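Peer 1: Structure below; questions to follow.
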Amino acid sequence: MADETPNENPDNTAAEAAASDDQEPTLEEQLAAAIAERDTNLDRWRRAEAECENVRKRMRRELEEARKYESLGLSRDILPALDNLRRAIEAAGQTHNLDQLIEGVELVAKQFQDALNKHQVIAIDAVNKPFNSEQHEAMQQLPSADHPPMTVIQELEQGYTLHDRLVRPSKVIVSKAVE
């Protein structure tokens, strides 16, 4: 009955436990670990997807807000010029002094031009320049002995650019050869 006596050696039980730890996990354990990893990754993916959607929505809202109020700075810069134009008109109505009215309107025109320049809306210099169909709109051609043909001799309406884009072309009168 020596087979039935329990093994009293503690080193043998530790060795058996260590041997069982070295064994590969069972298929069930591997499956459970794979399912847990899948669930963790799926949860992370869903959170990342939700975060991306929130970022898209936030960017869309911010872009709409920026578009809605994009001319706020220009408006703030132009309003003082408009106020001064009203003051000039009011003063001219009270004093009936044409010279003061002209001076006041010239100052207001400069204020408008400064406000536009501040926002990169730049006037096109057209007079005495060669006609450029990308910046000028010819309204008329006049014979001129003083200017080479296809030279802008008069500007009817000033044109403007915003950075590298044309806001509106200059409406001009262009020279042509004298017949």
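Peer 1: Exactly one condition in (1) open to solvent by 60 Å² or more (accessible area, probe 1.4 Å); (2) touching a residue at least 24 places away in the same chain (Cβ under 8 Å) is false for Glu157; which is it?
Peer 2: (2)
Peer 1: Kindly check whether there is at least one residue in the stretch 117-132 that is aromatic (Phe, Trp, Tyr) and under 26 Å from the mean Cα position of the chain (by Cα). Break it down stepwise before answering.
Peer 2: Step one: list which residues in the stretch 117-132 are aromatic (Phe, Trp, Tyr), which gives 131.
Pick out the ones that are also under 26 Å from the mean Cα position of the chain (by Cα) and you get none.
Within the stretch 117-132, none of the residues are aromatic (Phe, Trp, Tyr) and under 26 Å from the mean Cα position of the chain (by Cα).
Peer 1: Run Ala109 past the list (1) closer than 25 Å to Glu70 by Cα; (2) open to solvent by 60 Å² or more (accessible area, probe 1.4 Å) and report the number of the one that doesn't hold.
Peer 2: (2)
Peer 1: Okay, moving on. Among the residues of the stretch 43-75, what is the count of those that are open to solvent by 100 Å² or more (accessible area, probe 1.4 Å) and among the polar types (S, T, N, Q)?
Peer 2: Residues meeting the conditions: 0.
Peer 1: Something else: Scan the stretch 161-179 for residues that are surrounded by 17 or more Cβ atoms within 10 Å (Cβ to Cβ) and of a type in the set (Ser, Thr, Tyr) and jot them down.
Peer 2: The answer is Ser170, Ser175.
Peer 1: Between a residue in the stretch 121-146 that is under 14 Å from Gln158 (Cβ atoms) and any residue that is exposed (fewer than 14 other Cβ atoms within 10 Å of the Cβ) and modelled with pLDDT under 95, which pairs come within a Cβ distance under 6 Å, given they are 6 or more apart or on different chains?
Peer 2: Between residues of the stretch 121-146 that are under 14 Å from Gln158 (Cβ atoms) and residues that are exposed (fewer than 14 other Cβ atoms within 10 Å of the Cβ) and modelled with pLDDT under 95, the close pairs are Val121/Leu162; Met139/Leu156.
The values are calculated or read from the model by the stated rules, or taken from the named source; none is laboratory data. Bear in mind that the values here come from a model prediction, so they are computed numbers and not experimental data. Backbone-built Cβ (ideal geometry, glycine too); neighbour counts: all protein chains shown. Accessible surface areas use protein heavy atoms only, side chains included; no ligands, DNA or RNA. Shrake-Rupley method; radii C 1.70, N 1.55, O 1.52, S 1.80 Å.
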